[in-house]
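Notes for the one structure printed next.
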Amino acid sequence: MNFDPRVTPARPDLAARFLEGKVQAARFVDGELREVVEAQAPVRREPRPDASLDTEALKGERVMVYETIEEGWAWVQLQNDRYVGWMPASALAVPGPEPTHRVATLRAPVLMGASIKMPTLEVLPFGATLAILREEGRFGITSHGCYVPLVHVARLNEFERDFVAVAERFVGVPYVWGGKTSLGLDCSALVQVSLTACGIACPRDSDMQEAVVGRPVAVGDDLSGVARGDLVFWKGHVAIVRDEKHFLHANGFHMAVAIEPIRETLTRFAAEGSSVTGIRRL
């Protein structure tokens, strides 16, 4: 069987126990569940700070740790989208209470007390999760005794309704390969975080998204017939249709999340020898 290494915790020397009999490895381990305790943590291809950033894990996310090395890196699989990679072990801890809320604004401050004048302990990104044990006025009190403005969070079972509108909040955010927060994100992360906010499961990379998100649709070569929310794919890129004349996408040309005329985008990609590979509609 062929397994995608991006979402399969298997190496020649080590693999997850549940893959025993399916892949070849020198040894198999059960793994230990951990929780991300940093606002955001890098997931890299190799256990080095200068290695390629493949994605990021957000506070409250659960990960399965299969190995921790002396250099301070943990080889993990994210529980949300199954991505595999190396994270700083210092960003992980034994799981606390199950999250009850998620951050519903681009950034949410975590304060020392129930006042906007209190010191900020950290700032959490959109989609990070946390356990709020009780409310006090305009604030939620977390399991760590910190305070979060309730206007910045939503209960886990409360979802956004328009993923395009969610993506529009990120307009102007820098393009960062592997990023998935308002400090910087890439094209497929923009799609993933926006759909996730609406309760729609979405894999991390654009080729994965093209394979499973929504259903394929056929439109004109000039993309006449596309509708708001359609996903348009090229090799290594995805854009969201904002309306019949505009794309919304994080891209390396603008080095930002930008709204761009569809015709201009198609012309630029064609000049680079790249053509549309598929269109998916939710």
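What to note about this one:
- Taking first residues from the range 215-235 that are under 16 Å from L266 (Cβ atoms) and free of Cβ contacts under 8 Å to residues at least 40 places away in the same chain and partners that are assigned to a loop (DSSP other than H, G, I, E, B) and among the β-branched types (V, I, T), the Cβ contacts under 6 Å between residues at least 6 apart in sequence or on separate chains come to G225/V219.
- Of all the listed residues (A189, A167), the sole one being open to solvent by less than 60 Å² (accessible area, probe 1.4 Å), within 23 Å of D54 (Cα to Cα), touching a residue at least 12 places away in the same chain (Cβ under 8 Å) and under 12 Å from the mean Cα position of the chain (by Cα) is A189.
- In the range 255-278, residue most open to solvent (accessible area, probe 1.4 Å) [restricted to those that are of a type outside the set (D, E, K, R) and closer than 20 Å to A165 by Cβ]: I259
- Residue match in the range 222-230 (condition: part of a strand (DSSP E or B) and either closer than 26 Å to A57 by Cβ or touching a Lys or Arg at 6+ places or on another chain (Cβ under 9 Å) (or both)): no
- Test for A131: is it at pLDDT 95 or above, under 30 Å from A93 (Cα atoms) and either in contact with a Lys or Arg (Cβ under 8 Å, 6 or more places away or on another chain) or of a type in the set (A, V, I, L, M, F, W, C) (or both): yes
- Flag if M118 is among the hydrophobic types (A, V, I, L, M, F, W, C), assigned to a loop (DSSP other than H, G, I, E, B) and out of contact with any His (no Cβ under 6 Å at 6 or more places or on another chain): yes
- Scanning the range 231-254 for residues being within 22 Å of W177 (Cβ to Cβ) and open to solvent by 10 Å² or more (accessible area, probe 1.4 Å) gives a total of 6.
- Where E98 falls short, out of the listed (1) buried (at least 17 other Cβ atoms within 10 Å of the Cβ); (2) under 20 Å from the mean Cα position of the chain (by Cα): (1)
- Checked against the criterion of being more than 27 Å from C187 (Cβ to Cβ) and out of contact with any strand residue (DSSP E or B) (no Cβ under 8 Å at 6 or more places or on another chain), the range 82-93 contains one or more residues that satisfy it.
- Test result for V217, surrounded by fewer than 16 Cβ atoms within 10 Å (Cβ to Cβ) and either in contact with a helix residue (DSSP H, G or I) (Cβ under 6 Å, 6 or more places away or on another chain) or of a type in the set (A, V, I, L, M, F, W, C) (or both): yes
- Meets criteria (outside any loop (DSSP other than H, G, I, E, B), touching a residue at least 60 places away in the same chain (Cβ under 8 Å) and touching a helix residue (DSSP H, G or I) at 6+ places or on another chain (Cβ under 6 Å)) for I279: no
- In the range 103-125, of all residues being touching a residue at least 60 places away in the same chain (Cβ under 8 Å) and either touching a strand residue (DSSP E or B) at 6+ places or on another chain (Cβ under 7 Å) or exposed (fewer than 15 other Cβ atoms within 10 Å of the Cβ) (or both), the one that is nearest to A167 (Cα to Cα) corresponds to A104.
- The set of residues in the range 42-72 that are assigned to a loop (DSSP other than H, G, I, E, B), touching a helix residue (DSSP H, G or I) at 6+ places or on another chain (Cβ under 9 Å) and closer than 18 Å to A16 by Cα contains only I69.
The values are calculated or read from the model by the stated rules, or taken from the named source; none is laboratory data. All of these numbers come straight from a predicted model, not from anything done at the bench. For neighbour counting, all protein chains shown are included, and Cβ atoms are generated from backbone atoms with ideal geometry for every residue, glycine included. Note: areas computed on protein heavy atoms with side chains; ligands, DNA, RNA excluded. Shrake-Rupley method; radii C 1.70, N 1.55, O 1.52, S 1.80 Å.
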